[in-house]
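Visitor: So that we are looking at the same thing, I have put the structure below in structure tokens.
No lab work stands behind these numbers, since they all come straight from the coordinates. Here the structure is a predicted model, which means the values were calculated and not measured. No Cβ is skipped: glycine too gets one built from the backbone with ideal geometry, and neighbour counts run over all protein chains shown.
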Amino acid sequence: MDIPRSIREDLESRKNVIGTAIGPKRVGDRPTDEEALVVLVSEKLPETHLAEVDRIPSEIEFDDTRIRTDVQEVGDVRTQATTAQPAEEPDRERRWRPAPAGVSLGHPEITAGTLGSPPLQTEDGKTVVLTNAHVAAPIDTAQPGDNILQPGPADGGSDDDVIGTLVEGSEIRPNEPNTTDSAIVEVDPEQFTGTVLGIGEFAGFTEVSADATFTKSGRTTGVTTGDLRGRDARIKVRGYHDEPTVFEGIDVFGPMSAAGDSGSLIGIDGDDGFRATDLLFAGSDRTTLAIPMDAVEEEHGALAPAGSESGAEDASKQ
């Protein structure tokens, strides 16, 4: 279902509202079969504490369509690079050679995020790994060709720990909606494994499934799982510019990340390996936000596991 921009903008102008999405209505924190217009708020307040203009209507009507709303509290949503130490083993903040996905990575001018993928092949034949732009291509700082460190600087990474060079990072615009926060880093595949730490072999990409259990492997919280709570979200995220930055087309998951997990792949762990659906880029203690792989490939071109015989276009969606 497409929600008109005017409806979204009206709801997002109200107190505490930071975004909107489409997803299952939740009752007692459990999903139902009813599709709802999900209103994402930083803090859920009783109606009596809100001015009438800030109250969320129980239903929205547009274009002969009527849909119920579902207000969900998501807390302080921001980017998830960090200076904090991981809380669990294995030692994801150390230097890994060869390096699996799911360990510390970063541009020399940031703190630390997560190495998202094993080696991938681009349409023009480069071998790259995937992470967030705010991890490998910080705003107003990075240039193509910059060294990328594993581990990231917050974990002791230095000039001796270069593992690749920046190819490109998506531009994060302050005054218009963004669709991705992603970067690709050119690497020597001999310095990497084809695995995601704590999960197993990486098998490529797939589409999200509403009833699937989703898994990620990140630098700070390791392997965690969560459910899909909303799609096509338009949401404000802190951590890029002075004012919150708007992203749209975003997938909303339950809480499964913390600061330092930015750049992790989220996906489905199946019999044939781990297939990614999204690139994690932000969150809070109550939600995790991620970019669908379609948007990532729209930015950087088709990507496939390095060495895939089927080619990037065929392997990117199976």
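Visitor: Taking +1 at the Cβ of each Lys and Arg and -1 at the Cβ of each Asp and Glu, which of VAL53, PRO90, PRO119 sits farthest along the dipole of the chain towards its positive end, judged by Cα position relative to the Cα centre?
Guide: Of the listed residues, the answer is VAL53.
Visitor: Given only helices, namely DSSP H runs of n ≥ 4 each adding -39500 (n - 2.57), what is the per-residue ellipticity at 222 nm of the chain, to the nearest 500 deg cm²/dmol?
Guide: Result for the chain: -1500 deg cm²/dmol, rounded to the nearest 500.
Visitor: Let me ask you something else. Could you line up ILE3, ILE184 from fewest to most neighbouring Cβ atoms inside 10 Å?
Guide: With the fewest neighbours first, ILE3, ILE184 line up as ILE3, ILE184.
Visitor: Using amide H atoms built in the peptide plane, which far-off residues or other-chain residues are under 5 Å from ASN178 H to H?
Guide: Residues meeting the amide H criterion: VAL246, PHE247, GLU248.
Visitor: With θ set to phi - 60°, apply the Karplus curve 6.51 cos²θ - 1.76 cosθ + 1.60 along region 193-206 and write out the HN-Hα couplings as whole Hz, x wherever there is a Gly or Pro.
Guide: Per residue, the Karplus-derived 3J(HN,Hα) values read 9, x, 10, 10, 4, x, 10, x, 5, 8, 10, x, 10, 8 Hz.
Visitor: Calculate, axis by axis, the spread of Cα positions in the chain along the three principal axes, and write the results as whole Å, longest axis first.
Guide: 59, 39, 35
Visitor: What's the exposure ranking of HIS134, HIS300, going from fewest to most Cβ atoms within 10 Å? Working shown, then result.
Guide: Numbers: HIS134 29, HIS300 21.
So the ranking, lowest neighbour count to highest, is HIS300, HIS134.
Visitor: Still on this structure, please answer the following. Based only on other Cβ atoms within 10 Å, what is the fewest-to-most ordering of LEU280, LEU105, LEU149? Could you put the intermediate results ahead of the total?
Guide: On the way: LEU280 28, LEU105 34, LEU149 25.
Going from least to most buried by this count: LEU149, LEU280, LEU105.
Visitor: Let me ask something else about it. Of ASP261, ASP63, ASP146, which has the largest mean-square fluctuation in a 10 Å C-alpha GNM of the chain?
Guide: Sorting by GNM fluctuation, first place goes to ASP63.
Visitor: Residue-wise, which Karplus ³J(HN,Hα) couplings in Hz belong to region 28-40, taking 6.51 cos²θ - 1.76 cosθ + 1.60, θ = phi - 60°, and x for glycine or proline?
Guide: Per-residue couplings from phi come out as x, 6, 10, x, 10, 8, 8, 7, 10, 8, 7, 9, 9 Hz.
Visitor: Which ³J(HN,Hα) values in Hz, rounded to whole numbers, follow from the phi angles of region 15-26 under the Karplus curve 6.51 cos²θ - 1.76 cosθ + 1.60, where θ = phi - 60° and Gly and Pro get x?
Guide: Using θ = phi - 60°, the values come out as 4, 6, 7, 10, x, 9, 7, 10, x, x, 5, 10 Hz.
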